[in-house]
Structures are given as C-alpha cells and as structure tokens.
Amino acid sequence: MKKHIPMKEVQKFPDNRRKEKIEAFDRLLTIMDQLRNLCPWDKKQTIESIRHLTIEETFELSDAILDNDLEEIKKELGDIMLHIVFYARMADEKNAFDMADVLNGISEKLINRHPHIYSDVEAKDEEAVKENWEKIKLKEKGNKSVLGGVPKSLPALIKAIRIQEKARGVGFDWDNKNQVWDKVEEEMNEFQHEEESGNKEKATEEFGDLLFSLINYARFSDINPEEALEKTNKKFIKRFQFLEEESKKDGKQISEMSLAEMDTYWEKAKKLP
C-alpha cells in the first residue's frame, strides 16, 4: 500500500450528511460495476471511446454554470462523476489504478500544494497561495518550463489565460493595468498598420498580439475573458433570434430585409431584459 503524505492536525468541520455522501458514492461504484458487467453498451466502451462524451459533458456543465442554473449544474456534475468512475473502473481492469488511487492522489496533491494549511509555510493572501501553487506544481512535474503544464489542446483563449497566470506565478508580469492598457493600444496600432499595408500574415500575427493583450487586461480587471465572451455570444443569439421571430410575425423574410430594417428589430431586442 502506498504511503500517504502526512498532514498536521487541522480544524475539522461538521458535516451532518457525511455518511449519506459516502453511501451515495458507494452506490454509484456498485452501479458502475453492474453496468460494466451486464450492459452491452457499457461493456463495449474503452477509455478512448468515451473521451468525446466527457468533453461534451464538460461543456454542458459550463453552460449550466453560465446560466446560473443550480439544478442543471447538479445534473451535469452527476454526469461528469459517472465518467470519472467509468474511467477508473476501466483502468482497474487493466491493473493500472482504481478509484481509491484517484481519490488518494488528488488528496495528496491538495495537501502538498497547500503548505500554508498542512505545513508551516505562510501565505498572507490569495496571490501568495497562487504563487506557491505554481512553484510546487513546477517542482512536482519536473517541467523544464513554467509553461510546460499548459495543455496543448486547450482552446486558444483559455490557453492564453493559463499562460498568463503561470507567468505571473513566478513574477513575470506587469506592475499595473495602466501599463497593460498601453500595450493594448500599442498592439491595436500595430495591427491597424499591418492591415492597411495589406500584409495578411503580419496582420493576423498582430491581431493575435492584440487579443493576448486584451486578455491580459481582463485579468488585471478581474474579468474572465472566456466567460465575458460567452455571455456576449448568448446575448447576441438571444437578440438575433428575437429579430428572426419578430420579423417573421410581420411577414418579412430576414434574407430579404435591408440592414436598416434589421436594425429596427435589433434596437427593440436590446431593450429586452
């Protein structure tokens, strides 16, 4: 049996439903065992075959969070928990690891990365906690680069956020957001110059630099740019669908309307709650 990381005595908090939670998790493990042995579909699955379903479930959870729909969040968390249990069950069949290894692994990681709770390190604020986390993570993984832990397959916007957070974790960052805004304006000017020159390749590069700078500024303003953009996407969809529905009620075909006509409906849509 693997030896667990020792932790100092810390405050324990009451949980009246702890026994019920453990029983519920045990129930899910039992159901997973039954499905894996008895259900034709579940028996056929592999770690690779459910990967795309896990990604889909993660995006569905993200939608529920953005909608602030707690009931839907509960359901989506259940779906993701099922996937976690499923992966661990299939790995157990290969004698690679099991659910206990997964849970002990994350517990040990949390203990190791919170030395201000479980050891004698002091962290006076949130920033100190983040810096400690990144330094410990770098040491654990043995990465040659601070940025080595950023997944290559992350969407570009999220990847930019993580890159900037990791760089900040080791002190590579601007001092204040005014400096960052100056950088945004600098990148905007460089993009406009390249676009006007007709150099598509350079304009694309400068546009990327501009986006990266805007993401940086959002971070300094304590705004999550991924969430901000998705909220704008949802707002646009709601307003555009209003335009489609209301113009149809008036007997108009959106493909045959002028931009001025569309704008009339768009202005009405902007007044929606």
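The values are calculated or read from the model by the stated rules, or taken from the named source; none is laboratory data. What you see is a predicted model, and the numbers here were worked out from it, not measured in a lab. Neighbour counts run over all protein chains shown; Cβ positions are idealised from the backbone, glycine included. Side chains included, ligands, DNA and RNA excluded: accessible areas come from the protein's heavy atoms. Shrake-Rupley method; radii C 1.70, N 1.55, O 1.52, S 1.80 Å.
The residues of region 229-264 that are within 30 Å of Val180 (Cα to Cα) and surrounded by 15 or more Cβ atoms within 10 Å (Cβ to Cβ) amount to a single one, Glu230.
Among the residues making up region 190-232, those that are assigned to a helix (DSSP H, G or I) and in contact (Cβ under 8 Å) with a residue 60 or more places away in the chain are Pro225, Glu226, Glu227, Leu229, Glu230, Lys231. Scanning region 169-186 for residues that are open to solvent by 90 Å² or more (accessible area, probe 1.4 Å), touching a residue at least 12 places away in the same chain (Cβ under 8 Å) and part of a helix (DSSP H, G or I) returns a single hit, Trp181.
Pairs linking a residue in region 244-273 that is free of Cβ contacts under 8 Å to residues at least 12 places away in the same chain to a residue that is open to solvent by 70 Å² or more (accessible area, probe 1.4 Å) and not in a loop (DSSP other than H, G, I, E, B), with Cβ atoms under 7 Å and 6 or more positions apart or on different chains, are Ile254/Glu244. Residues considered: Ile73, Ile65. Of these, the only one that is modelled with pLDDT under 95, assigned to a helix (DSSP H, G or I) and under 30 Å from Glu227 (Cβ atoms) is Ile65. Per the listing Glu267, Glu226, Glu201, the residue uniquely of a type in the set (Asp, Glu) and open to solvent by less than 70 Å² (accessible area, probe 1.4 Å) is Glu226. The set of residues in region 106-121 being closer than 13 Å to Lys137 by Cβ and part of a helix (DSSP H, G or I) consists of Lys109, Leu110, Asn112, Arg113, Pro115.
Listed by first and then second residue, the pairs with beta-carbon distance under 7 Å, at least 6 apart or on different chains, first residue in region 92-116 and farther than 23 Å from Lys130 by Cα and at pLDDT 90 or above, second acidic (Asp, Glu) and open to solvent by 60 Å² or more (accessible area, probe 1.4 Å), are Asp98/Asp92.
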